Amino acid sequence: MAKRHSWWEGAVIYQLIPRSFADGNGDGIGDIQGLVNRLSYLRWLGVEAIWLTPIYPSPLQDGGYDITDFKNIHPELGDLSSFHRLLTSAHAKGLKIILDLVLNHTSHLHPWFQRARWAPKGSPERDVYVWSDDTTRYSDAPVLFRNFESSNWEWDEVAKQYYFHRFLRHQPDLNYENPWVQEQMLEVVDFWLNRGVDGFRLDAVPFLFEAEGSRCEGLPETHAFLKKVRKRIDQNGRDVLLLAEAIQPVEEASPYLVSDELHGAFNFVLTAHLFAAVASGNVQKLRFCLDEAQKSVPGCRWALPLRNHDELWLGDGHLVAEDVIQTIRTGLHQSNGHWLNRGINRRLAPLLNGDPRSNRLLHGLLYSLPGMPCLYYGDELGMGDWPGLRDRDPNRTPMAWTSARNGGFSTAPEPLLVLPAITAPGYDYRVLNVEVQKQLPASLLNWHRRMLTCRRHLSALRNGDFEILESTHPSVIVYLRSSENMTVLVAANFSAAGASLSLNLNRWKGARAREVLWGCEYPVANEDWFIYLPSYGFNWWLIGEVDE
Ligand code: NOJ
């Protein structure tokens with residue numbers, strides 16, 4: 001009997017920031033109604049799931065990751081009934097909805113925290129957060145937001161104690177040692193499950209518990225709690241994705257992916273190696289990292305992002321060589337700036353010097369590797385960013401829909417916009433937008449759509465096996481995706497120069513071969529093919545017949 005696949009295995013996830021995607025009521029702030037109005041675009045593009053960054057009430061000191069009410073919607077975005085409309089409309093179009101679930105912390109304005117600081121020391125109310133009389137507790141836990149914080153402890157004048165925060169001082173960490181906290185957060189999971197969401201992206205999962213003498217990351221107690229979350233999901237009986245955000249090496253991220261814990265995790269190491277391969281023209285480490293990820297968690301459970309709403313993480317000094325990091329950074333208009341907390345604070349297109357060839361190359365990989373390709377809103381257009389805005393806002397500016405005022409994002413007067421629409425040279429919304437690119441057959445947008453259409457027809461790319469083949473060229477990676485009746489061969493050139501190489505086709509002797517994107521017939525696979533890939537070029541070949 002054929003294996004039943006979960007909806008998320010190999011699904012293409014589109015990440016968007018609701019405040020920056022589309023404004024439905026003309027107040028200058030993107031909202032849920034705006035998104036509902038644009039669902040047909042996402043369906044047209046061919047993505048399968050939409051991941052929304054947090055939509056909950058929040059003072060927005062950390063882009064909504066500082067929450068004051070886990071069971072409601074930020075009034076600027078809509079309300080629970082607009083959310084219901086979104087779910088129903090998305091489902092009617094075959095699109096899934098993934099919510100951000102922030103377990104680790106709340107906003108300091110959350111009623112729980114306000115209650116905690118006024119409650120007596122040692123009381124159950126105070127115990128909802130992590131407190132200390134001095135700052136020496138958990139001193140092995142590194143400070144994550146190094147640009148903004150110098151300590152994980154903040155003095156609270158009312159409580160007369162320090163509280164622990166792994167992120168901003170406005171985000172006190174919840175105390176998961178407290179069973180009440182655990183139960184409250186499980187109820188949050190139930191609340192959204194019962195409303196019909198299809199998945200959760202679990203923010204900052206490694207940090208739920210603390211222990212003296214450790215980095216306070218991925219502790220056994222944290223895994224035990226995540227197993228409880230999984231149990232709640234399973235009890236609900238629907239096919240719901242639990243996707244971990246753990247910015248860590250594969251060996252530290254994979255323990256979340258055991259059978260009774262989370263379904264998937266982002267592979268940020270792969271992201272780093274993809275950028276490093278473009279910068280260095282060498283695929284050796286990329287091959288190694290793909291191999292390692294598949295060996296530790298085989299199949300399609302890794303989510304594959306290029307960029308997101310945070311900075312680009314290139315490892316904390318041990319992953320990507322310093323000279324390669326320098327190449328990536330100097331590619332950014334010879335500038336050494338843009339370094340924020342743990343990485344480079346730019347969008348994809350400027351990171352690639354605006355070169356659509358490398359955008360295609362990298363997405364061509366994402367769309368053909370085993371896992372869940374993640375597309376960050378606007379990257380399908382090669383949208384730019386606005387360096388100089390505060391924190392990570394340069395990467396979070398309004399989506400460019402049309403050449404009209406504000407890029408068609410909002411009808412509000414420009415100063416009211418949530419963030420300025422991009423008019424920087426080369427990335428001006430009057431030129432670079434959905435409407436224009438839809439009309440240009442050779443645009444990046446139409447290319448993404450065509451790739452996603454092809455991917456949909458090739459079941460081997462969705463959940464087939466994966467095998468890396470030997471390559472005779474140091475800049476070219478060659479691999480196979482294969483299912484019972486279909487084999488897709490991929491070769492991708494990470495060099496700025498063209499590459500000639502031979503591919504050994506012995507094992508498919510006599511099989512018909514077609515190039516996927518343009519349908520060109522290739523010589524019947526016999527022995528070796530000698531192929532040429534242009535600068536940043538790649539190809540997908542279908543060996544054998546398409547699954548009907
Ligand atoms: C990870 C999120 O992606 C980031 O934007 C946020 O600042 C931190 N978690 C804290 O919630």
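Laboratory data are not the source of any read-out in this text; all were calculated from the coordinates shown. Quick caveat, the model's predicted, so the values are computed rather than measured. Neighbour counts are summed over all protein chains in view; Cβ atoms, including those assigned to glycine, are modelled from backbone coordinates with ideal geometry.
Order of 522, 65, 176, 429 from fewest to most other C-beta atoms within 10 Å? Mind showing how you got there, number by number?
Numbers: 522 17, 65 24, 176 21, 429 28.
Fewest-to-most ranking of 522, 65, 176, 429: 522, 176, 65, 429.
Tabulate in residue order the Karplus-calculated ³J(HN,Hα) for the stretch 127-136, using 6.51 cos²θ - 1.76 cosθ + 1.60 with θ = phi - 60°, rounded to whole Hz; enter x for Gly and Pro.
5, 6, 10, 9, 10, 7, 8, 9, 9, 8
What ranking of 454, 374, 520 emerges when the number of other C-beta atoms within 10 Å of each C-beta is taken as an exposure proxy, fewest first? Present the calculation step by step, with values, prior to reporting the outcome.
Numbers: 454 19, 374 26, 520 11.
Ordered by Cβ neighbours within 10 Å, fewest first: 520, 454, 374.
Name the residues whose placed amide hydrogens come within less than 5 Å of the amide hydrogen of residue 487, ignoring near sequence neighbours (fewer than 5 apart) on the same chain.
For residue 487, the qualifying residues are 543.
Apply the Karplus parameterisation 6.51 cos²θ - 1.76 cosθ + 1.60, with θ equal to phi minus 60°, to every residue of the stretch 206-215 and state each ³J(HN,Hα) to the nearest whole Hz, in sequence, with x for glycine and proline.
For the stretch 206-215, the Karplus curve yields x, 9, 5, 10, 10, 8, 4, x, 10, 6 Hz.
For helix 220-236, what angle does its Cα long axis make with the longest principal axis of the chain, in degrees from 0 to 90 and rounded to 10?
Here the helix axis deviates by roughly 80 degrees.
For helix 356-366, report the angle its Cα long axis makes with the longest principal axis of the Cα atoms of the chain; keep it between 0 and 90° and round to the nearest 10°.
With rounding to tens, the tilt is 80 degrees.
Based on the Kirkwood radius over alpha-carbon pairs, what value in µm²/s does the Stokes-Einstein equation return for the translational diffusion coefficient of the stretch 35-147 at 20 °C and 1.002 mPa s? Spell out each step's value before the answer.
Working: Rh = 16.8 Å.
The diffusion coefficient I find is 127 µm²/s.
Which of 276, 229, 259 sits closest to the plus end of the dipole of the stretch 226-294, meaning its Cα is farthest towards the positive end, when Lys and Arg get +1 and Asp and Glu get -1 on the C-beta?
229
Out of residues 5 or more away from residue 173 or on other chains, whose amide H comes under 5 Å of its own, with H placed 1.01 Å from N in the peptide plane?
Residues meeting the amide H criterion: 130, 164, 165, 166.
Return an integer: the convex hull volume of the alpha-carbon atoms of the stretch 145-222, in Å³ per residue.
On the way: hull volume 10.8 nm³, N = 78.
Here the figure is 138 Å³ per residue.
Is there a quick way to get the dipole size of the stretch 325-395? I mean about its Cα centre, with the Cβ of Lys and Arg at +1 and of Asp and Glu at -1; what is the value in debye to the nearest 20? Mind showing how you got there, number by number?
Numbers: 8 positive and 6 negative charges, 37 e Å.
Charge dipole, the stretch 325-395, about its Cα centre: 180 debye, nearest 20.
Would you mind ranking 283, 181 so that the residue whose beta carbon has the fewest other beta carbons within 10 Å leads the list?
Details: 283 26, 181 19.
With the sparsest Cβ surroundings first, the list reads 181, 283.
Of all beta bridges DSSP finds with both residues in the stretch 265-392, what is the antiparallel percent, to the nearest 5?
On the way: 4 of 9 bridges.
So the antiparallel bridges in the stretch 265-392 amount to around 45 percent.
Can you work out D for the stretch 166-261 in µm² s⁻¹ from Stokes-Einstein, where Rh is the Kirkwood radius over C-alpha pairs, the temperature is 10 °C and the viscosity is 1.306 mPa s? Mind dumping the intermediate values first?
Numbers: Rh = 14.2 Å.
The Stokes-Einstein estimate is 112 µm²/s.
For the stretch 452-521, which trypsin sites (Lys or Arg not before Pro) are both in a DSSP coil and crowded by at most 14 other Cβ atoms within 10 Å?
Numbers: sites: 455, 456, 462, 481, 507, 509, 512, 514; in loops: 509, 512.
Sparse-neighbourhood loop trypsin sites (Lys or Arg not before Pro): 509, 512.
Please work out the C-alpha center-to-center distance from the stretch 380-408 to the stretch 129-185 and express it in whole Å.
Each part reduced to its Cα centre gives a spacing of 34 Å.
Can you give me the C-alpha center-to-center distance between the stretch 499-532 and the stretch 1-21, rounded to a whole angstrom?
32 Å
For the stretch 231-276 and the stretch 51-76, write down the distance between their C-alpha centroids in whole Å.
23 Å
Which Rg and Dmax, in Å, describe the Cα atoms of the stretch 111-164?
Every Cα atom of the stretch 111-164 included, Rg and Dmax give 11.7, 34 Å.
Looking only at Cα atoms, what is the convex hull volume of the stretch 6-79 per residue, in Å³? Before the final figure, lay out each step's value.
On the way: hull volume 7.7 nm³, N = 74.
Hull volume over Cα atoms, normalised by residue count, gives 104 Å³.
Taking 8 Å as the Cα distance limit and 6 or more residues as the minimum spacing, I'd like the relative contact order of the stretch 220-332 as a percentage. Present the calculation step by step, with values, prior to reporting the outcome.
Values: 116 pairs, mean separation 29.6, N = 113.
Here the relative contact order equals 26 percent.
Give 3/93; 71/228; 160/227 a once-over and call out the pairs whose C-alpha atoms are over 27 Å from each other. Please list the in-between numbers first.
On the way: 3/93 25 Å; 71/228 19 Å; 160/227 35 Å.
Going by Cα-Cα distance, 160/227 fall outside the 27 Å limit.
Could you order peptides 483-494, 183-194, 34-45, 300-311 by the average number of other Cβ atoms within 10 Å of their residues, highest first?
Numbers: 483-494: 21.0, 183-194: 16.0, 34-45: 18.3, 300-311: 23.5.
Going by the mean number of other Cβ atoms within 10 Å, highest first, we get 300-311, 483-494, 34-45, 183-194.
May I ask for the angle, rounded to the nearest 10°, between helix 444-457 and the longest principal axis of the chain, with both axes built from Cα atoms and the value confined to 0 to 90°?
Taking the Cα atoms of the chain, the angle to 444-457 is about 80 degrees.
Step through the residues of the stretch 159-165 one at a time and calculate ³J(HN,Hα) from phi using the Karplus curve (6.51 cos²θ - 1.76 cosθ + 1.60, θ = phi - 60°), rounding each to whole Hz and writing x for Gly and Pro.
Per residue, the Karplus-derived 3J(HN,Hα) values read 6, 6, 8, 8, 10, 8, 8 Hz.
Roughly what % of Cα-Cα distances in the chain sit above 42 Å, to the whole percent? Please report the intermediate quantities before stating the final value.
On the way: 28529 of 149878 pairs.
When every Cα pair of the chain is considered, 19 percent fall beyond 42 Å.
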